[in-house]
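Structure first, then comments.
The values are calculated or read from the model by the stated rules, or taken from the named source; none is laboratory data. Worth saying up front: this structure is predicted, and the values here are computed from it rather than measured. Heads up, the Cβs are rebuilt from the backbone with ideal geometry, glycines too, and the neighbour counts pull from every protein chain shown. With ligands, DNA and RNA removed, areas are computed over all heavy atoms of the protein, side chains included. Shrake-Rupley method; radii C 1.70, N 1.55, O 1.52, S 1.80 Å.
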Amino acid sequence: MDDENLLKADERIDQLYSQDVQIIQNPHCFAFSLDAVLLADFVRPNKKRQANIIDLCAGNGAIGLFLHNKLGGHFTEVELQRPIADMAERTIKLNRLEERYDVLNMDIKDIYNQIPKDSADIVLCNPPYFPNNEHSQKNPNRALAIARHEITTNLTMVVEKMSGLLKMNGRGYLVHRPDRLAEILTELTSHRLAPKRIRFIHPKPDREANIVLIEVIKDGGNGGIRIVPPLVVNQPNGEYGPEVQQLLYGDKK
């Protein structure tokens with residue numbers, strides 16, 4: 001099947017040039033954002049061993065696919081919404097990575113039915129950021145609303161499943177909103193996940209952080225949290241800063 005025949009209505013193929021990866025996108029359904037690129041960059045490289053890697057709330061599989069050169073092992077992409085899981089499956093075929101990637105179209109609350117507890121070396125998650133309450137303004141598009149708001153899952157569920165899947169001393173990686181940091185850290189520590197590294201992402205030099213990246217170790221020791229240097233996405237003129245340019249385009253720009 002050629003690349004064009006992998007596409008359905010309203011879909012396009014975008015490329016992360018720095019990782020030589022193509023991703024099938026649909027703006028009416030799901031499209032990865034810079035958050036996915038930033039989380040993949042935050043993950044520590046490890047090609048020395050064949051790791052078992054789980055990507056929860058995987059969307060179209062972007063984060064896992066961005067890591068195909070950085071991590072050795074097998075990836076399982078877990079996505080609830082069938083049309084989006086289908087995009088992930090076709091994106092894996094597009095990149096000819098079927099031997100290393102599987103897609104599970106299921107609710108993460110049922111994940112232990114398919115993946116044993118204490119079996120993962122690495123668990124990734126870019127979850128819905130916004131609480132689901134009567135005051136939250138949700139996108140009228142159901143697919144986009146589920147991706148952004150805690151309609152079908154929530155922070156507690158995500159952290160619980162991340163902890164349950166990880167082996168002792170396994171690493172978890174989470175991207176989220178800094179305004180929920182206190183809640184996030186409480187959930188992590190109460191589920192045996194010790195925060196070890198945190199990075200804040202700022203949209204511009206004079207703006208507060210709007211993204212936080214967190215690395216945890218299951219049953220890791222207390223203390224020793226590193227707050228690594230922040231990343232500023234845009235320069236004052238509105239153009240991407242040099243680090244983001246490198247993450248997106250590599251040496252092409």
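Odds and ends about this structure:
- Top of Leu65, Leu231, Leu104 by mean-square fluctuation, Gaussian network on the chain, Cα under 10 Å: Leu231
- Part-to-part distance (alpha-carbon centres) for the stretch 104-119 and the stretch 165-226, which is given in Å: 22 Å
- For the stretch 187-201, the residues whose amide N sits under 19 Å from a probe point set 7 Å from the Cα of Asn169 along the beta carbon direction are 192-197.
- The residues of the chain expose on average 48 square angstrom of accessible surface per residue, using a 1.4 Å probe on protein heavy atoms.
- The value for the chain of Rg(Cα) / (2.2 N^0.38 Å) is 0.97.
- Charge dipole magnitude, Cβ of K and R +1, D and E -1 - the chain, Cα centre, debye nearest 20: 760 debye
- Gaussian network model of the chain, Cα within-10 Å springs - most flexible of Arg207, Arg192, Arg100: Arg207
- Flagged links, alpha-carbon separation over 32 Å, of Lys48/Lys117; Lys8/Lys218; Lys48/Lys161: Lys8/Lys218
- With the charge dipole of the stretch 8-88 set up from +1 on Lys and Arg Cβ and -1 on Asp and Glu Cβ about the Cα centre, the Cα lying farthest toward the positive end among the listed residues Gln19, Gly72, Ala36 is that of Gly72.
- In the chain, the calculated helix contribution to ellipticity at 222 nm averages -7000 deg cm²/dmol per residue, counting -39,500 (n - 2.57) for every DSSP H run with n ≥ 4.
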